[in-house]
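Chemist: This is the structure I have questions about; it appears just below.
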Amino acid sequence: MDLEFIKLYEQLNSLNEDTNYARRGDVGIIIDDNILLDVGMDVTDLVIPNGVTEIAASALEDHEKLKTVIIPNSVTVIGRLAFKGCTSLTSVNIPSSVISIEYAAFFGCSTLNTVIINNGVSSIGSQAFVFCTDLVSIIIPDSVTNIGDGAFSGCKRLTSVTIGNGVTSIEDNMFNSCTSLTSITIPNNVTSIGDSAFAYCSGLTKIDFPNNIRKIGKAAFQFCTGLTSIVLPDSAKRIGKAAFYGCHSLASITLPKGITAIKEYLLAECPALKSIRLPATVKNIEVWAFANCTNLTSIIFAGTMSQWKAIKKLDDMWNSRMPKSCIISCKDGQFYI
């Protein structure tokens, strides 16, 4: 950088005009008790001094001129909104000393294309990398055990994601609107996928579910228009409403054997779906579960006709906007809807 120096926070705090100038007009660094509190708005290339243990909340928020940053191995926390809106920042290497990347730390860093998260980080906060629209790939190390909701939402150029084995839950909106993401492998330790976790991932064509998955949230894969086939493991007993709503290319889906409820709008607006198999464990089909599945001609039910009739349905609402030519096939007979 052009000029590097450290100013005591207490001194600057007693000089309101100078403090305001340091924060908005120069390239100074403000540190107190080993916490990086603020940096001048004109900084373009920042080397954080060794010994700093924390980057405070909003320390570099909206520093639009910042292009590079070097974070030393002494830092353990990257605070809330720390780099939010650093729209010229292109890369960041988060050292293994960092334990926590907090809420919205890199929110809206629109030119950030390279993020290295080293093994040692345990927590990535909610919305940590939201709208990092140039980010192409991310590797989440095994040390990470918690990722907050919406952490990578809106990263529209993200094509590759590796999720470490320490993660047990894909939280709400985690990859919402990552439109360039084409495939993802979810590690075996994951037991739940949150609401809208992959909604609007229109480029997603393949997803492998682990055998331990128990819950898929509502609208989890809504408008994943590139998905053509889905196989859900039998462990997935709870699938939220509209989980696969608007998956326009979905031609086949295998539902878990133990599922008891087909939630509302579960497979609505899936015009490529021609046939679906339902296990005999189904006890409830909610409204518009298959609405506007205009090419659905066959529902194969693993139970008997009497079991089918015993399924709780809301009059004609369950099959509203379905082809009347659709045939229900049971073990002991078949009939039109």
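Just so you know, all these numbers are worked out from the coordinates, no wet-lab data involved. These numbers were taken from a predicted model, which means no experiment stands behind them. Cβ: placed from backbone, ideal geometry, glycine included. Neighbour counts: every protein chain shown.
Chemist: If you rank Met317, Met174 by fewest surrounding Cβ atoms within 10 Å, what's the result? Before the final figure, lay out the partial values.
Modeler: Details: Met317 15, Met174 25.
Ascending number of Cβ neighbours within 10 Å: Met317, Met174.
Chemist: For the stretch 211-226, take each phi angle, set θ = phi - 60°, evaluate the Karplus expression 6.51 cos²θ - 1.76 cosθ + 1.60, and give the result in whole Hz per residue in order, putting x for glycine and proline.
Modeler: 3J(HN,Hα) across the stretch 211-226, in whole Hz: 6, 9, 5, 10, 9, 10, x, 5, 6, 4, 10, 4, 6, 7, 6, x.
Chemist: In terms of Cα to Cα distance under 30 Å, which lysines are near enough to Lys215, apart from those fewer than 8 places away along the same chain?
Modeler: Once the sequence-local lysines are set aside, what remains near Lys215 is Lys156, Lys206, Lys237, Lys241, Lys257, Lys263, Lys274, Lys283, Lys309, Lys312, Lys313, Lys331.
Chemist: Any chance you could run the full-extension gain for Asp45 through Glu64? It's 0.36 nm times the residue separation minus the Cα-Cα distance, nm to one decimal. If you can, show how the numbers build up before the last one.
Modeler: Details: separation 19, 0.36 × 19 = 6.84 nm, distance 1.16 nm.
Difference between extended and current length: 5.7 nm.
Chemist: Hey, another quick one. If I model a spin label at Asp33 and Arg277 as a point 7 Å from the Cα along the Cα→Cβ vector, what separation in nanometres do I get?
Modeler: Here the answer is 6.2 nm between the modelled labels.
Chemist: Using a Gaussian network model on the chain with a 10 Å cutoff between Cα atoms, which of Gly226, Gly51, Gly79 fluctuates the most?
Modeler: Sorting by GNM fluctuation, first place goes to Gly51.
Chemist: Taking R0 as 35 Å, what FRET efficiency do you get between Leu314 and Ser160 from their Cβ-Cβ distance, rounded to the nearest 0.05? Mind dumping the intermediate values first?
Modeler: Working: r = 43 Å, r/R0 = 1.23.
The formula returns an efficiency of 0.25 here.
Chemist: Need one number: % antiparallel among DSSP beta bridges in the stretch 239-337, to the nearest 5. Don't skip to the end; give the middle numbers.
Modeler: Values: 4 of 16 bridges.
The answer is about 25 percent antiparallel.
Chemist: If you don't mind, there's one more thing I want to ask. Taking the Cα centre as origin and putting +1 on Lys and Arg beta-carbons and -1 on Asp and Glu beta-carbons, what dipole magnitude results for the chain, to the nearest 20 debye? Don't skip to the end; give the middle numbers.
Modeler: On the way: 27 positive and 30 negative charges, 533 e Å.
About 2560 debye.
Chemist: Stretched out fully, how many nm does the piece from Thr179 to Arg214 gain, at 0.36 nm a residue minus the Cα gap? Display every interim value, and only then the final one.
Modeler: Numbers: separation 35, 0.36 × 35 = 12.60 nm, distance 2.56 nm.
My answer for the length gained is 10.0 nm.
Chemist: Report, largest value first, the span of the C-alpha coordinates of the stretch 46-101 along each principal axis, in whole Å.
Modeler: The principal-axis extents, from largest down, are 26, 18, 15 Å.
Chemist: Additional query: Please list the three semi-axes, largest first and in whole Å, of the ellipsoid equivalent to the stretch 186-337, using sqrt of 5 times the eigenvalues of its alpha carbon gyration tensor.
Modeler: On the way: eigenvalues 117, 60, 34 Å².
That gives 24, 17, 13 Å for the three semi-axes.
Chemist: Considering the zone a paramagnetic label at Ser252 would reach in this model (a point 7 Å from Cα along the Cα-to-Cβ line), which residues of the stretch 174-208 have amide N under 12 Å from it?
Modeler: Inside the label zone: nothing.
Chemist: Magnitude of the Cβ-charge dipole of the stretch 186-337, K/R +1 and D/E -1, about the Cα centre, nearest 20 debye? Show your work: numbers first, answer last.
Modeler: Details: 18 positive and 9 negative charges, 61 e Å.
Around 300 debye, computed over the stretch 186-337.
Chemist: Expressed as a rounded percentage, what relative contact order does the chain have, with Cα pairs under 8 Å and six or more residues apart?
Modeler: 7 percent
Chemist: Rounding to the nearest 20 debye, state how big the charge dipole of the stretch 109-222 is about its Cα centre with +1 on each Lys and Arg Cβ and -1 on each Asp and Glu Cβ. Numbers along the way, then the final one.
Modeler: On the way: 6 positive and 7 negative charges, 42 e Å.
Roughly 200 debye, rounded to the nearest 20.
Chemist: With no solvent and one point on each alpha carbon, what is the Debye value of log10 I(q)/I(0) for the stretch 128-230 at q = 0.10, 0.11, 0.14 Å⁻¹?
Modeler: Treating every Cα as an identical point scatterer, log10 I(q)/I(0) equals -0.22, -0.26, -0.44.
Chemist: For labels at Asp142 and Arg321 in the simple 7 Å Cα→Cβ model, what's the distance in nm?
Modeler: 4.7 nm
Chemist: If you bin the C-alpha pair distances of the stretch 45-177 every 5 Å from 0, what whole percents do you get?
Modeler: For the stretch 45-177, the pair-distance distribution reads 2, 12, 22, 28, 22, 10, 3, 0.
Chemist: Kindly work out what percent of the DSSP beta bridges joining two residues of the chain are antiparallel, to the nearest 5. Each step should come with its number before you reach the end.
Modeler: On the way: 8 of 56 bridges.
Given both bridge residues lie in the chain, the antiparallel proportion sits at roughly 15 percent.
Chemist: Another question, if that's okay. P(r) of the chain in 20 Å steps, Cα pairs, percent per bin?
Modeler: Reading upward from the zero bin: 30, 41, 22, 7, 0.
Chemist: Also, I was wondering about something else. What is the pair-distance distribution P(r) of the stretch 298-337, computed from all Cα-Cα distances in 5 Å bins starting at 0, with each bin given as a whole percent?
Modeler: Distribution as computed: 6, 24, 31, 28, 11, 0 percent.
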